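The structure appears below as structure tokens.
The values are calculated or read from the model by the stated rules, or taken from the named source; none is laboratory data. This one's a predicted model, so the numbers in the text were calculated from it and none came from an experiment. Cβ placement follows ideal geometry from the backbone for every residue including glycine, while neighbour counts extend to all protein chains displayed. Ligands, DNA and RNA are excluded from the accessible area calculation, which covers all protein heavy atoms including side chains. Shrake-Rupley method; radii C 1.70, N 1.55, O 1.52, S 1.80 Å.
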Amino acid sequence: MCFKAPESSYPNRNNPPGENQDESASGRGDGMKSKRVVMIMVALCSMAAAVTWAQTKAAAEVTALLREFLAGAGSGDRAIFEKFFADDVIYTRATGAVITKADIMESLGKPAPASEGKSTYSAEDITVHEYGDTVIVAFRLEGRTEHADGKVEQAHYRNTGTLLRRNGRWQAVAWQATKISEPVKPK
């Protein structure tokens with residue numbers, strides 16, 4: 001015994017061209033198909049744009065947070081360190097020492113000698129890779145310290161950090177700083 005589909009499964013069987021919604025003698029069926037394809041493409045492009053916008057938004061948020069952090073880091077602004085680093089951060093300093101947020105916050109409580117000067121920091125060559133609620137950021141850190149005697153020191157680092165979005169805000173959970181060696185000067 002063979003299965004036979006009901007007559008309604010064959011929309012064009014008993015109707016002449018032009019009487020079905022999907023087909024007409026004038027080619028309106030092809031027009032309807034084209035409209036469907038266009039509508040599907042518009043929907044897919046809209047979804048892609050929404051995803052790209054969300055990714056761009058996350059990158060912009062993390063970049064703004066990084067710049068805000070660096071602007072306050074030179075003055076030892078405790079609030080900005082508290083905001084930037086998660087309580088469970090793993091920070092590997094340029095010296096290779098691994099420290100915690102408690103170590104970072106403790107170091108901020110110690111007054112810096114005036115001879116150390118005033119430091120400012122900026123980020124260059126920022127790259128952000130997004131993975132949902134996780135973002136990897138890599139950049140070149142430019143440090144500049146002005147001493148009371150007028151001497152200016154500059155230091156350059158490559159930093160890589162992993163930030164998570166928790167409770168609607170981004171915080172660094174892993175950080176790595178590597179000092180960039182000064183190029184050897186020819187003799």
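Taking the stated definitions as given, is THR178 of a type in the set (S, T, N, Q), more than 26 Å from SER75 (Cβ to Cβ) and part of a strand (DSSP E or B)?
no
Pick from the range 125-161 the residues that are of a type in the set (Val, Ile, Thr) and more than 10 Å from the chain's Cα centre (by Cα): which of them is modelled with the highest pLDDT? Working first, answer last.
Initially, the range 125-161 is screened for residues of a type in the set (Val, Ile, Thr), giving 126-128, 134-137, 145, 152, 160.
Now narrow it down to the ones that are more than 10 Å from the chain's Cα centre (by Cα): 126, 145, 152, 160.
Numbers: ILE126: 95, THR145: 92, VAL152: 92, THR160: 98.
Ranking the qualifying residues of the range 125-161, first place goes to THR160.
Taking THR162, is it buried (at least 16 other Cβ atoms within 10 Å of the Cβ), in a strand (DSSP E or B) and without any contact (Cβ under 8 Å) to a residue 60 or more places away in the chain?
Taking the combined requirement at face value, the residue satisfies it.
Return yes when GLU142 is in a strand (DSSP E or B), at negative phi and loosely packed, with under 14 Cβ neighbours inside 10 Å and no when it is not. First the steps, then the outcome.
On the way: in a strand (DSSP E or B): yes; at negative phi: yes; loosely packed, with under 14 Cβ neighbours inside 10 Å: no.
So GLU142 fails the test.
On the given criteria, is GLU82 open to solvent by 70 Å² or more (accessible area, probe 1.4 Å), in a helix (DSSP H, G or I) and either touching a strand residue (DSSP E or B) at 6+ places or on another chain (Cβ under 6 Å) or farther than 20 Å from GLU68 by Cβ (or both)?
Details: open to solvent by 70 Å² or more (accessible area, probe 1.4 Å): yes; in a helix (DSSP H, G or I): yes; either touching a strand residue (DSSP E or B) at 6+ places or on another chain (Cβ under 6 Å) or farther than 20 Å from GLU68 by Cβ (or both): no.
So GLU82 fails the test.
Please find, among ASP125, ASP149, ASP133, the residue that is free of Cβ contacts under 8 Å to residues at least 60 places away in the same chain, open to solvent by 70 Å² or more (accessible area, probe 1.4 Å) and touching a Phe, Trp or Tyr at 6+ places or on another chain (Cβ under 7 Å).
Numbers: ASP149 fails: touching a Phe, Trp or Tyr at 6+ places or on another chain (Cβ under 7 Å); ASP133 fails: touching a Phe, Trp or Tyr at 6+ places or on another chain (Cβ under 7 Å).
Just a single option satisfies the conditions, and that option is ASP125.
Against the condition of a type in the set (Gly, Ala, Ser), open to solvent by 70 Å² or more (accessible area, probe 1.4 Å) and over 21 Å from GLU61 (Cα atoms), how does ALA97 come out, does it pass? Working first, answer last.
Values: of a type in the set (Gly, Ala, Ser): yes; open to solvent by 70 Å² or more (accessible area, probe 1.4 Å): no; over 21 Å from GLU61 (Cα atoms): yes.
Taking the combined requirement at face value, the residue does not satisfy it.
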